[in-house]
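The values are calculated or read from the model by the stated rules, or taken from the named source; none is laboratory data. This structure is a prediction, so every number in the text was calculated from the model and none was measured. Reconstructed Cβ throughout: ideal geometry from the backbone, glycine too, with neighbour counts over all protein chains shown. Ligands, DNA and RNA are stripped out before the accessible areas are found, and what is left, the full protein with its side chains, is counted by its heavy atoms. Shrake-Rupley method; radii C 1.70, N 1.55, O 1.52, S 1.80 Å.
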Amino acid sequence: MTKPRSRSSRQADIAREAGVSQSTVSMVLSGSGDLARISTETQRRVLSAARRLRYTSAAPQRTGGVGTRNAPLLLGVHTFEPIFPTSARDYYFEFLKGIEEQAGIEGCNLVLFTAAQNEDGVRRIYQGAVNGLRQAAGSLLLGHHAHRDDLARLASDGHPFVYIGHREVPGTEIAYVGGDYRVATGRIVDDLVAMGHRTFAYLGEAVRYEPQVDRWEGFAAALDRFGLAIPTPAIGQPEELTAQWLDDTVRAGATAVLVESVSLLRVLAAMIRLRGLSVPQDLSVILLVDAPAGEGNERWASLRIPRNAMGRRAVRLLTVLLTDPTGDHEQQILLPCTHTLGSTVAPPRAP
């Protein structure tokens, strides 16, 4: 049985405990495991060993700002829409779990910031001229509906923050850790073309943030690379999707459809059943986000987002920005995504 260790445990101790190299431990603990293509199982083993050995990195110390000098850094977590409390099945769970895991390794404390929603249902950071995150040394921001004005004001005010997800703010560069959806979607198309698919359809969300644009651009670029026709995407709310669109899509010869959201997928699946079609015999369907657990009997083909790794890498980046603010650090990071072609994808039927 492994003896409990003190907080002075070293990365070499973790390497022995987890049965990996010390360089692997270093990459995992720095939040770079996905970039180094270290398997999820290995990363979990390293993190579990680090927790058992009570490992923390050389704890970042305050060099100024709020609080007492040499106290552990206090990192704020702010979400732009309500996502607390959460369960292990919720989309944001792995983001938050990764944040907590890496904060422990970095020796930081976390505080959750919430705010009342505005008329658009968005939790604003600023109330008038007051920055609601000012008590934290730096902040981690996440949520589908980011408010660009708040991000621009935070950057202008010099409040250190990292956005979890790809976001751009006109006139300034913000730090973010996102998924490389452009490359991932392109690779999905590569696999579908290799299976024989030549005519595609695309269902996109009505609100077009950077992650949605990245997916579409990766899809379109891949089709262009193969010299295949780029379809006109159906962009809109789930309730706007009609059975006529599905009829026209099948009539036009589409054999595969890529779908940006779970809500769009649910409507599409219902329409496919209504029309007496079958997946994947009549139409292969690929979801461009993580497939939800327990979603019918199908194991939907889907893009896999490294949500835990994004949360951990964001914490690592924020602590680096706080402890070495003048250093030359990569501040806009896209982590590789994977995908699975499950039971909802098959080669197209021979004409």
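Brief remarks on what is shown
- Vicinal HN-Hα couplings computed from phi for the range 193-198 (Karplus, 6.51 cos²θ - 1.76 cosθ + 1.60; Hz; Gly/Pro x): 5, 4, 7, x, 6, 10
- Residue list for the range 267-292, given a label point 7 angstrom along the Cα-to-Cβ vector of residue 251 and an amide N cut-off under 17 Å: 272, 275-277
- Translational diffusion coefficient (Stokes-Einstein; Kirkwood radius from C-alpha pairs) of the range 200-351 at 37 °C, 0.692 mPa s, in µm²/s: 190
- Counted charge near residue 275, where neighbours are those whose Cβ lies closer than 14 Å (Asp, Glu -1; Lys, Arg +1): -1
- Fraction of alpha-carbon pairs over 13 Å apart in the range 309-351 - percent: 68
- Fraction of beta bridges assigned by DSSP in the range 252-351 that are antiparallel (%, nearest 5): 35
- Förster-model FRET efficiency, 35 Å R0, residue 112 and residue 273, C-beta, rounded to 0.05: 0.25
- Accessible surface of the range 252-351 [probe 1.4 Å, protein heavy atoms]: carbon and sulfur percent: 49
- Rough spin-label spacing in nm, given labels placed 7 Å along Cα→Cβ, for residue 194 and residue 242: 3.9
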